[in-house]
Amino acid sequence: MNDFSNTPITELTALIAEHLQSHGIEVVLVGGLAVEIYTDNLYLTKDIDMVNTNYSAPKAIHRAMAELGFHKRGRVYENDTTDITVEFPPGPLSVGDQLIKETTQQSVADKSVPILTVRDVVKDRLAAYIHWQDRQSLIQAATILIKHQRDPVEFKAFCEHEGTSADYGLFQDLYRRARKQNILDMAQLEHLLAEILLENI
């Protein structure tokens, strides 16, 4: 049996993606691990979320994952040698109500992992904040922007389409203050966001 007890999550993701590809199963990495990769590990997760983009039969995914020692329990695949879990959220690949047509590749452990673009990961996090009021997702979106030197104005139309101009205003304010104070630590960003929300009451 494969032993993944000492396999880092990004390396395991690359291995799984390559294995699925060998079975004709196309996947794209989304969710928290995409955030971890784009923030250079400022955010950490033990969950791998991959959308099957060519709608392979569930049985084919079960068989391929079983070959690696992963078996489905509830919504996720687990392996007895690691506490990392794998989930395949249903397609289509989208952020908000926008279908995603373009993805990219990230090089991990000499393998290539299909992943959402930086822009779409930010949109995904913004949508999570707008629709579920998940503050951590807003903080993650701001962190990615700072790390990759992107401008919040790129996401103004998306925020206003998915939510309101107030959602964009909060995102922009968090980003600008974090840049001004040279804050990148997520705990400090959480504190900064709490301060801004208190001011707006």
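Observations on the model:
- Here Leu145 meets each of (1) in contact with a Pro (Cβ under 8 Å, 6 or more places away or on another chain); (2) open to solvent by 30 Å² or more (accessible area, probe 1.4 Å) with one exception, condition (2).
- The stretch 170-185: number of residues that are open to solvent by 30 Å² or more (accessible area, probe 1.4 Å) and part of a helix (DSSP H, G or I): 6
- Total residues in the stretch 71-96, condition touching an Asp or Glu at 6+ places or on another chain (Cβ under 6 Å) and on the phi > 0 side of the Ramachandran plot: 1
- Candidates Glu36, Glu26 - the one that is of a type in the set (Asp, Glu), within 30 Å of Lys147 (Cα to Cα) and more than 16 Å from the chain's Cα centre (by Cα): Glu26
- Of all residues making up the stretch 50-65, the number that are open to solvent by less than 30 Å² (accessible area, probe 1.4 Å) and under 25 Å from Gly96 (Cα atoms): 4
- For the stretch 105-117, a residue qualifies if it is open to solvent by 50 Å² or more (accessible area, probe 1.4 Å) and of a type outside the set (Gly, Ala, Ser), and the qualifying residues are Gln105, Gln106, Asp110, Lys111.
- Within the stretch 106-123, if we keep just the residues that are part of a strand (DSSP E or B) and in contact with a strand residue (DSSP E or B) (Cβ under 7 Å, 6 or more places away or on another chain), the residue that is farthest from Ala34 (Cα to Cα) turns out to be Ser112.
- Taken together, the criteria exclude Lys72 from residues that are of a type in the set (Lys, Arg) and modelled with pLDDT under 95.
- Scan the stretch 85-104 for residues that are of a type in the set (D, E, K, R) and open to solvent by less than 60 Å² (accessible area, probe 1.4 Å) and the total you get is 1.
- Evaluation of Ser137 against the conditions (1) of a type in the set (S, T, N, Q); (2) closer than 24 Å to Pro89 by Cβ; (3) not in a helix (DSSP H, G or I) shows that the sole unmet condition is (3).
- Checking Leu68, Leu126, Leu12, Leu33 one by one, the residue that is at negative phi, crowded, with 20+ Cβ neighbours inside 10 Å, in contact (Cβ under 8 Å) with a residue 60 or more places away in the chain and not basic (Lys, Arg) is Leu12 and no other.
- Qualifying residue in the stretch 159-169 (condition: in contact (Cβ under 8 Å) with a residue 12 or more places away in the chain, under 13 Å from the mean Cα position of the chain (by Cα) and open to solvent by 20 Å² or more (accessible area, probe 1.4 Å)): no
The values are calculated or read from the model by the stated rules, or taken from the named source; none is laboratory data. Predicted model, so just to flag it, every value in this text is computed and none were measured. Here Cβ is always computed from backbone atoms with ideal geometry, including for glycine, and neighbour counts include all displayed protein chains. The protein model used for the area step is the full one, side chains on, heavy atoms only, and it has no ligands, DNA or RNA in it. Shrake-Rupley method; radii C 1.70, N 1.55, O 1.52, S 1.80 Å.
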